[in-house]
Amino acid sequence: MSEADLTARVGGSVSAFDRSEWNALAGSENPFVSHEFLTALEESGSVGAGTGWQSVPIVLGTEGGPLLAAMPAYLKSHSQGEYVFDHSWADAYERAGGRYYPKLQIAAPFTPATGPRLLLSDDAFAAPLLSAAEQLCTQNGFSSAHATFIEPGQQRLFDDAGWLLRSDIQFHWRNRGLDSFDQFLATLASRKRKDLRKERAAAQADVEIVRLRGGDIRPEHWDAFWHFYQDTGARKWGQPYLTREAFDLFGERMGDAILLILALQDGAPIAGALNFIGADAIYGRYWGCTRDVRFLHFELCYYQAIDVAIELGLSRVEAGAQGGHKLARGYEPVETVSAHWIADPGFREAVAEFLERERAGVAADRNYLSNRTPFRKG
């Protein structure tokens with residue numbers, strides 16, 4: 001098949017495309033590019049009118065044939081909810097007389113988790129799909145396109161297409177064939193091992209911890225978690241990104257891929273952590289509480305996730321953006337990568353120079369952090 005046989009289309013929503021065709025491209029590895037997750041965001045009003053996230057998925061196919069490639073893409077009128085920060089780029093471009101927004105964002109909204117950003121039946125479709133994204137920007141006068149938290153196997157596809165790559169750091173826990181949390185503790189230096197045991201004991205002393213999946217998650221559990229989420233979202237971002245309905249839709253459509261961990265006192269939830277489970281990873285997404293309990297955040301978000309990853313034989317825990325405190329708890333610094341296409345040649349050159357300087361600093365930081373993990377030496 002030649003590129004001339006392909007037709008690129010821009011949809012007004014992911015829900016406009018057949019679920020089975022979309023998921024055949026997305027695969028089952030990563031929950032955040034599934035038709036179920038992305039349409040839940042659309043139908044709940046978490047993305048769409050008034051949010052600054054307008055869904056514009058781009059797909060490739062042939063006349064009358066099935067989808068051959070797709071990307072979840074959004075027109076953005078701001079840079080919130082992305083976790084890869086380009087505010088300084090926007091300010092510089094607009095001070096120079098340009099218009100940075102709208103821009104094209106290729107991402108799982110509000111989700112700093114690695115995953116495929118090009119949903120491909122064959123890698124040969126990567127170049128024409130990226131070309132379609134570039135043409136959409138050029139034809140409509142958009143300043144730029146950005147793909148965030150690209151899984152390692154796809155980074156070369158963006159590099160080959162001439163997109164600028166940007167590095168950052170997250171903290172992931174890696175399962176090295178462990179059978180229990182105690183085995184994990186045995187890999188730590190003695191003092192760190194004692195610290196973690198004390199933290200877990202203190203966190204668990206006055207609460208009951210329950211794990212809920214699938215049909216065990218009932219509306220009252222979502223009501224409690226929504227309260228936690230609103231409190232955390234208001235403090236971190238000014239306002240929560242997801243609507244209440246989004247959680248109901250996640251539960252209805254993706255229940256088996258969701259793990260809700262609650263801490264109870266006197267039978268009532270006082271804190272919770274929401275995780276999504278992929279084929280080989282558990283992804284920590286949201287946390288909140290109504291009562292402060294020492295070390296409970298670490299217990300629900302980090303240690304419980306490690307427990308579950310070991311039980312399910314998953315290779316890693318991705319615990320979200322930022323958080324150097326994760327290092328002392330066995331989460332290691334790993335590189336995350338985004339890719340950026342800039343329409344204006346002069347602005348592109350300036351961004352490329354900035355990224356070259358930034359890359360050296362990020363690499364130095366990652367090396368520094370890697371030498372300060374809590375694991376036993378030798």
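Return yes or no: is Glu63 outside any loop (DSSP other than H, G, I, E, B), open to solvent by 40 Å² or more (accessible area, probe 1.4 Å), over 18 Å from Ser338 (Cα atoms) and acidic (Asp, Glu)? No, not satisfied. You will find that of Arg218, Arg200, the residue that is over 19 Å from Val308 (Cβ atoms) and of a type outside the set (Phe, Trp, Tyr) is Arg218 and no other. Checking each residue in the range 186-237 for being under 14 Å from Glu299 (Cβ atoms) and assigned to a helix (DSSP H, G or I) picks out Asp195, Leu196, Arg197, Lys198, Glu199, Arg200, Ala201, Ala202, Ala203, Gln204.
Residue-by-condition table, conditions (1) of a type outside the set (D, E, K, R); (2) within 20 Å of Pro112 (Cβ to Cβ); (3) at pLDDT 95 or above:
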{"position": "Val56", "(1), (2), (3)": "yes, no, yes"}
{"position": "Pro72", "(1), (2), (3)": "yes, yes, yes"}
{"position": "His78", "(1), (2), (3)": "yes, yes, yes"}
{"position": "Gly81", "(1), (2), (3)": "yes, yes, no"}
{"position": "Val84", "(1), (2), (3)": "yes, yes, yes"}
{"position": "Trp89", "(1), (2), (3)": "yes, yes, yes"}
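Considered as a group, the residues in the range 333-351 that are closer than 30 Å to Leu196 by Cα and in contact with a helix residue (DSSP H, G or I) (Cβ under 7 Å, 6 or more places away or on another chain) include one that is most open to solvent (accessible area, probe 1.4 Å), and that residue is Glu335.
All told, His35 falls short of being closer than 26 Å to Ser167 by Cα and without any contact (Cβ under 8 Å) to a residue 60 or more places away in the chain. Checking each residue in the range 175-185 for being farther than 16 Å from Leu300 by Cα and either within 27 Å of the chain's Cα centre (by Cα) or open to solvent by 20 Å² or more (accessible area, probe 1.4 Å) (or both) picks out Asn175, Arg176, Gly177, Leu178, Asp179, Ser180, Asp182, Gln183, Phe184. Phe354 meets the conditions (1) open to solvent by 60 Å² or more (accessible area, probe 1.4 Å); (2) hydrophobic (A, V, I, L, M, F, W, C); (3) not in a helix (DSSP H, G or I) in every case but one. The failed one is (3).
The values are calculated or read from the model by the stated rules, or taken from the named source; none is laboratory data. Here the structure is a predicted model, which means the values were calculated and not measured. Positions of Cβ are generated from backbone atoms using ideal geometry, with glycine treated the same way; all protein chains shown enter the neighbour counts. To get the accessible areas, we keep the full protein, side chains included, count just its heavy atoms, and leave off ligands, DNA and RNA. Shrake-Rupley method; radii C 1.70, N 1.55, O 1.52, S 1.80 Å.
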